[in-house]
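Read-outs: derived from the displayed coordinates by stated rules, not from any lab. Owing to the predicted nature of the structure, the values given are computational and were not obtained by experimental measurement. Glycine also receives a Cβ, built like all others from the backbone with ideal geometry; neighbour counts cover every protein chain displayed.
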Amino acid sequence: MPDSPVLVITGASSGIGAATARRAVEFDYRVVLAARSQDKLEQLAEELGGPEHALALNCDVTSWDEQQALVAQTLESFGRLDVFFANAGFGAKRGFLEESVEHWESMVLTNVLGAALSIRACLPHFRERNAGHVLLTSSVAGRRALPGSLYSCTKHAVTAMGEALRQEVADTDIKVTLIEPGMVDTPFFENSPSGALESDDIARAVMFALTQPPHVDVNELLIRPIHQAG
């Protein structure tokens, strides 16, 4: 177990993050669960086998200090960091006259700055080792503009961020993967959407990217439910 790879997941308390953690431990990963919902994180960590297998750490991804602490505590507790999955994010109603300005600000900071800070926090360690894997949760909405969707704009930014990082580290052995889900039945939606993917469908895609040979870098995974047109 001490030699098992270590995966950090932000936004790990539910949805895609929690599903990925469950899948990862099946592949003998140790996981660091990061989010602001400490109670949910601790329950999930216990479910996954306790401190030897899963660590629950409170982290607001918009805080540079907390992102740095997340990486530092991971290295202190597990002695290594192999994968960082920057998954934290949330949405907003479509329409530029919808939602509060405060909601917009929080979403932009979480979805865009939060992902960038995750990269900044883990990249020095990966560069030092000349190894590591960064995954970013973008979206189908990060490939095409949606009417009145500031959320879509944030995911376009994440898509660009992933490609920008890939180009920056192209002369190293660091891998970069964009995860681009279509409609997924997660807490993102107030009501469960019909015909949507399950969080575990995305988790299995994440593990596909993580289990490729060292010379294979899966740059983008776009996963839609079978009948989703756009």
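Only helices at least 24 Å long along their axis, Cα-based, and averaging -1.0 or more on Kyte-Doolittle count here, so list those DSSP H runs from the chain.
150-168
Would you mind ranking Asp171, Asp185 by Cβ crowding within 10 Å, fewest neighbours first?
Neighbour counts put them in this order, fewest first: Asp171, Asp185.
Sorted by average packing, counted as other Cβ atoms within 10 angstrom per residue and highest first, what order do 64-73, 110-119 take?
Packing order, densest peptide first, comes out as 110-119, 64-73.
Only four residue types carry charge here, +1 at the Cβ of Lys and Arg and -1 at the Cβ of Asp and Glu. Report the dipole size of the chain about the Cα centre in Debye, rounded to the nearest 20.
580 debye
P(r) of the range 6-223 in 5 Å steps, Cα pairs, percent per bin?
Taking every Cα pair in the range 6-223, the percentages come to 1, 7, 16, 20, 22, 17, 10, 4, 2, 0.
Please arrange His215, His125, His103 by how many other C-beta atoms lie within 10 Å of their C-beta, fewest to most.
Going from sparsest to densest Cβ surroundings: His215, His103, His125.
Once amide H atoms are built 1.01 Å from N in the peptide plane, which residues 5 or more positions from Val184, or in another chain, come under 5 Å H to H?
Amide H to amide H, under 5 Å and 5 or more residues apart or across chains, Val184 pairs with Leu197.
Taking the Cα centre of the range 52-144 as origin and charging only Cβ (+1 Lys, Arg; -1 Asp, Glu), how large is the dipole, in debye to the nearest 20?
Charge dipole of the range 52-144: 540 debye, to the nearest 20.
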